[in-house]
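Encoded as structure tokens, the structure appears first; notes follow it.
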Amino acid sequence: MPKHHIDPQLVQSTIADLRQRLDALPMIGDNAADWADQHRQHRAAAEALADHLRATYGARIHDKAWTNTICMHSISSSGTAGLQQAFRNWIAAAERRLATIEGDAS
């Protein structure tokens, strides 16, 4: 089955945008008293990031109890530890795809 054509520049700019937004997500610290609030704030920010990816890049993101999946620019990934992990796994998958494309071009 042929691979879908992807625009390497678009994928690279999406990686940069996503990485910057992931780094800006609120952290969940060690303070047990604030942990639940920190978790809610982190989750809300991750969901807002998912909305941004849907609106900006047409990402398909599914958040289920046992896994989170993302497909964007014909690159798919998933994670079992929340949206943030799924997004980081997507970055890794996108970088592997770009490396494959660059290898094919040489």
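Scan the range 57-87 residue by residue and report those that are within 17 Å of Leu10 (Cα to Cα) and touching a residue at least 24 places away in the same chain (Cβ under 8 Å). Listed by number, the residues that qualify are Tyr57, Met72, His73, Ser74, Ile75, Phe87. Yes or no: His62 closer than 21 Å to Ile101 by Cβ and of a type outside the set (Gly, Ala, Ser)? So His62 fails the test. A residue that is more than 30 Å from Thr100 (Cα to Cα) and not in a helix (DSSP H, G or I) occurs somewhere in the range 33-41. Does Ala36 satisfy the condition of being more than 14 Å from Gln85 (Cα to Cα), small (Gly, Ala, Ser), over 11 Å from the mean Cα position of the chain (by Cα) and at pLDDT 95 or above? So Ala36 fails the test. Only one of the listed residues (Arg96, Arg43, Arg21) is more than 13 Å from the chain's Cα centre (by Cα) and surrounded by 16 or more Cβ atoms within 10 Å (Cβ to Cβ). That residue is Arg43.
Just to be sure before I move on: is Ile6 surrounded by 12 or more Cβ atoms within 10 Å (Cβ to Cβ), farther than 18 Å from Ile91 by Cα and among the aliphatic types (A, V, I, L, M) in the structure I sent? No; evaluated as a whole, the condition is false for this residue.
Can Thr14 be described as modelled with pLDDT of 95 or more, among the β-branched types (Val, Ile, Thr) and surrounded by 11 or more Cβ atoms within 10 Å (Cβ to Cβ)? Against the criterion (modelled with pLDDT of 95 or more, among the β-branched types (Val, Ile, Thr) and surrounded by 11 or more Cβ atoms within 10 Å (Cβ to Cβ)), Thr14 qualifies.
The values are calculated or read from the model by the stated rules, or taken from the named source; none is laboratory data. From a predicted model like this one, the values you see are computed outputs, not experimental measurements. Cβ coordinates were reconstructed from backbone atoms using ideal geometry, including for glycine residues, and neighbour counts include every protein chain displayed.
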